[in-house]
1. Provide 48, 90 in ascending order of the number of other Cβ atoms located within 10 Å of each residue's Cβ, fewest first.
2. Would you mind calculating the relative contact order of the stretch 25-96 from Cα pairs under 8 angstrom and at least 6 residues apart, reporting the percent as a whole number?
3. For a Förster distance of 35 Å, can you work out the FRET efficiency between the beta-carbons of residue 57 and residue 28, rounded to the nearest 0.05?
């Protein structure tokens, strides 16, 4: 029984690491339509419109691809706060703020 408990414990830890990796935006998978800078949208985007409603001055839609992307980077603290609100509200965590 002890071996089963250890196995389940290791499996749970592995699953948690796996989901953490999947739950964050990945700058390697960001859409090429994103303008260069800190904020971006990656290929996990499900086109839900939340970011475009939250921060329409920074996020727009790629009609052909059916996804959002960043077309303008924020410059003021107020702008950054709007983009962070979109990032935190994204249901699939497709918005990142660790871009270049």
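1. Numbers: 48 15, 90 21.
Listed from fewest to most nearby Cβ atoms, that is 48, 90.
2. Details: 126 pairs, mean separation 28.0, N = 72.
39 percent.
3. On the way: r = 26 Å, r/R0 = 0.75.
The pair residue 57/residue 28 has a calculated efficiency of 0.85.
Each value in this text was obtained by applying a stated rule to the coordinates, not by laboratory testing. Model, not experiment: these values are computed from the prediction. Here the Cβ is made from the backbone with ideal geometry for all residues, glycine too, and neighbour counts use every protein chain on show.
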